[in-house]
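Here is the structure we will look at.
The values are calculated or read from the model by the stated rules, or taken from the named source; none is laboratory data. Because the structure is predicted, anything quoted here is derived from the model rather than measured. So basically every Cβ, Gly included, is an ideal-geometry build from the backbone, and we count neighbours across all protein chains shown.
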Amino acid sequence: MAERSTPEATRRTQKERTALSDERMLAVAITLICERGTAATTLKEIGELAGYSRGLAGYRFKTKAGLLSCIVKAVGEEWLGELRKAVQDKNGLAAICAGTDAHYRFVRDAAERIRAFYVLWFDSIGPDAELKKVIAAIHERRRRDVERWIRGGIAEGTVRPDVNVRSVAEQFCAAIIGIVYQWLVTPEAHKHIRDLHEGLKDQMTRALALPETAATGRKRKLPEEVEP
């Protein structure tokens, strides 16, 4: 099954045509998931709305679960790239605050993609074993990243040496998911979502900072925005 021919399409290599059709079908799937939810999103409609045959999505992704897993992986990799750019070589609270700021910006700027990602995240508690496995791997990677930042801060002398690294990392990851749930329910409450990210940074400061730092608190905040 191939994409419908156009002069431009015939000049592309097979690899380029495959990548383009995947990108278009994933974009359509993300829009449908945000509009209708996963239950009402079908492979046949995704193929058609993307400009291809009714069967291409099924041929390419095999199953609906396969398509959903591809969306999670694609958006997850996009977020990982943004996170790496934000954190760079930072450790400790600097890394956690940079990562939290980056998450807020990603939610704000890639709203539809991140909404679909987290809709699928919460759907993973259902019976779909393939999706659950992908989400569990992403969650584990997030926790390990936060643990690495905290241990790096301890090694640098900027984080309390007696902190329970695993516990704080799990609390941070759970808080991010809680903030996301608030955003899914009230996506228009931009200031509230920003304030929740700021509050998380304050909580992490109290949990991790050396006594003299924790007492003074953080100084930097996200840029102010006007509530629509």
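The table that follows gives values for the structure above.
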| read-out | value |
| --- | --- |
| Selection status of K44, within 18 Å of the chain's Cα centre (by Cα) and surrounded by fewer than 15 Cβ atoms within 10 Å (Cβ to Cβ) | no |
| Residue in segment 79-89 that is β-branched (V, I, T) and farther than 24 Å from E198 by Cβ present | no |
| Test: residue in segment 179-194 that is assigned by TED's automatic domain parsing to the domain that holds A94, part of a helix (DSSP H, G or I) and within 18 Å of G152 (Cβ to Cβ) | no |
| Pair list, Cβ under 7 Å, 6 or more apart: segment 179-208 residue farther than 27 Å from V165 by Cα, other residue surrounded by 17 or more Cβ atoms within 10 Å (Cβ to Cβ) and not charged (D, E, K, R) | W183/V107; W183/I193; L184/Y118 |
| Hits in segment 64-111 (condition: more than 28 Å from E130 (Cα to Cα), part of a helix (DSSP H, G or I) and touching a Phe, Trp or Tyr at 6+ places or on another chain (Cβ under 7 Å)) | G92, A95, I96 |
| Condition check for T18: under 30 Å from L210 (Cα atoms), assigned to a helix (DSSP H, G or I) and either of a type in the set (S, T, N, Q) or not assigned by TED's automatic domain parsing to the domain that holds T158 (or both) | no |
| Segment 48-62: number of residues that are farther than 22 Å from R115 by Cβ and outside any loop (DSSP other than H, G, I, E, B) | 5 |
| Among the residues listed as T6, T13, the single one being hydroxyl-bearing (S, T, Y), at pLDDT 85 or above and either loosely packed, with under 15 Cβ neighbours inside 10 Å or in contact with a Gly (Cβ under 8 Å, 6 or more places away or on another chain) (or both) | T13 |
| Any hit, segment 21-28, residues being modelled with pLDDT of 70 or more, among the β-branched types (V, I, T), buried (at least 18 other Cβ atoms within 10 Å of the Cβ) and in a loop (DSSP other than H, G, I, E, B) | no |
| Residue list for segment 175-193, filter: farther than 13 Å from W121 by Cβ and either touching a helix residue (DSSP H, G or I) at 6+ places or on another chain (Cβ under 9 Å) or aliphatic (A, V, I, L, M) (or both) | A175, Q182, V185, T186, P187, A189, H190, H192, I193 |
| Residues within segment 61-86 that are touching a residue at least 40 places away in the same chain (Cβ under 8 Å) and buried (at least 20 other Cβ atoms within 10 Å of the Cβ), tallied | 6 |
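Each row is one residue, and each column tells you yes or no for (1) at pLDDT 90 or above; (2) of a type in the set (D, E); (3) assigned by TED's automatic domain parsing to the domain that holds R194.
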| site | (1), (2), (3) |
| --- | --- |
| K44 | yes, no, no |
| R54 | no, no, no |
| L83 | yes, no, yes |
| A98 | yes, no, yes |
| A111 | no, no, yes |
